[in-house]
Amino acid sequence: MRTLVLADTDVGAIADVTLRVTDAALQLGQPVDLLVFDASSATAAARVSGIERVLVASAGAADALAPETIAAQLLALPGEYSTVLAAHRASSRAALPRAAALSEAAFIADVTAIRERTQFVRGLYAGSVLATVTSATALTYASVRPSSFAPVAAEGGAADVVALAPISPFAATRLVERRAAEQSGQDLGTARVVVAGGRGLASQENMARLGRLADMLGAALGASRAAVDAGYAPNAAQVGQTGSNVAPDVYVAFGISGAIQHLAGMKDSKFIVAVNKDPDAPIFSVADVGLVGDLFDVVGAIEAHVQVAEQRP
Ligand SMILES: Cc1cc2nc3c(=O)[nH]c(=O)nc-3n(C[C@H](O)[C@H](O)[C@H](O)COP(=O)(O)OP(=O)(O)OC[C@H]3O[C@@H](n4cnc5c(N)ncnc54)[C@H](O)[C@@H]3O)c2cc1C
């Protein structure tokens, strides 16, 4: 049997999240194929390390696909796949359960580790419990948390490219408009450093100042839900159970208390720095370095340090 990865593509390129899902797929120990809906990305897909075949669907423009169309394409594939994986993102979270229901197969959401071919680990209760789930069906659909896996190399592979027979796109809905969400310079999902602000920032202006600091450090700006709800930061910046899951090399939390729902989205970061004036703030329980103090003093000190560094010849 084989494993299929439903690829996220970006104008001819394979998204970093798909390289991470491919790592999860290879851990299943059987041949891995990539399914792309964007023919212009087939060449890049064929170069991804570890891929045997690239299946190219032609169900319509890749960025206008309804989840129903993606599900129909999955159902039209030959029965040689035991596992279909995709990044745990909005469109796959809609398409995969649909395909699973229509084929009476299992769907397992937000997988963070692979135990064996039919056994997956996923978080429950905002990540405070890890459940090991065994699929009892011959075919398993699973969405994978990209930040829990390392990206495979985007180059080095030489997969065969196979064009699939066209299917009719789902016609009951039509994409009217697509707008990029506001975000700082760096992509939150793939940034190596995330600087995040919470309610302690106290205003949109202060959050904008933190955003400028993030830019200076080449980091992405993240935020707690309280900061987003207060209008300090855009929705796209939210980290946590109902926002993005991130696992950067460094996560710096300013004025974030560390509620379980926030920790669920960042506690897998490799090195966590927390700045909070409350010594009992729960964020310190996951921090590698904790600084009890006023965040504005610390932000000011880092700004001064970065400016001095920038002025050095
Ligand atoms: C179903 C559900 C889903 C949720 N999903 C999410 C989610 O995805 N992401 C998320 O973040 N939350 C989520 N929440 C909300 C979560 O429970 C918390 O309410 C939220 O994370 C709190 O944000 P905060 O830490 O910024 O605010 P607070 O808890 O109010 O903490 C602010 C912190 O700032 C510190 N502080 C204040 N001023 C300063 C200063 N000058 N210097 C230093 N420190 C200072 C305070 O000591 C305090 O610890 C969810 C809640 C529910 C019920």
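The values are calculated or read from the model by the stated rules, or taken from the named source; none is laboratory data. Remember, it's a predicted structure, so these values are computed and weren't measured experimentally. Note that each Cβ is placed from the backbone with ideal geometry, even for glycine, and that neighbours are counted across all protein chains shown.
Being assigned to a loop (DSSP other than H, G, I, E, B), more than 12 Å from the ligand (Cβ to nearest atom) and of a type in the set (S, T, N, Q) is a property that holds for Ser269. Looking only at the stretch 165-196, how many residues end up being surrounded by 12 or more Cβ atoms within 10 Å (Cβ to Cβ) and touching a residue at least 60 places away in the same chain (Cβ under 8 Å)? Residues meeting the conditions: 8.
Considering only the stretch 230-264, state which residues are over 24 Å from Pro151 (Cβ atoms), among the small types (Gly, Ala, Ser), within 6 Å of the ligand (Cβ to nearest atom) and buried (at least 24 other Cβ atoms within 10 Å of the Cβ). Across the stretch 230-264, the qualifying residue is only Gly255. I'd like to check something: does the stretch 204-214 contain any residue that is assigned to a loop (DSSP other than H, G, I, E, B) and away from the ligand (no atom under 11 Å from the Cβ)? Checked against the condition, which is being assigned to a loop (DSSP other than H, G, I, E, B) and away from the ligand (no atom under 11 Å from the Cβ), the stretch 204-214 yields no hits at all. Scanning the stretch 85-94 for any residue that is under 27 Å from Gly156 (Cβ atoms) and either out of contact with any Ser or Thr (no Cβ under 9 Å at 6 or more places or on another chain) or in a loop (DSSP other than H, G, I, E, B) (or both) turns up at least one such residue.
Here's a check for you: in the stretch 22-59, which residue that is assigned to a loop (DSSP other than H, G, I, E, B) and crowded, with 19+ Cβ neighbours inside 10 Å is modelled with the lowest pLDDT? Per the criteria, the residue is Ala59.
Screening Val5 with (1) crowded, with 20+ Cβ neighbours inside 10 Å; (2) farther than 17 Å from Pro146 by Cα; (3) of a type in the set (A, V, I, L, M, F, W, C) gives one miss only, at (2).
Of all residues in the stretch 275-298, those being assigned to a helix (DSSP H, G or I) and near the ligand (Cβ under 9 Å from one of its atoms) number 6.
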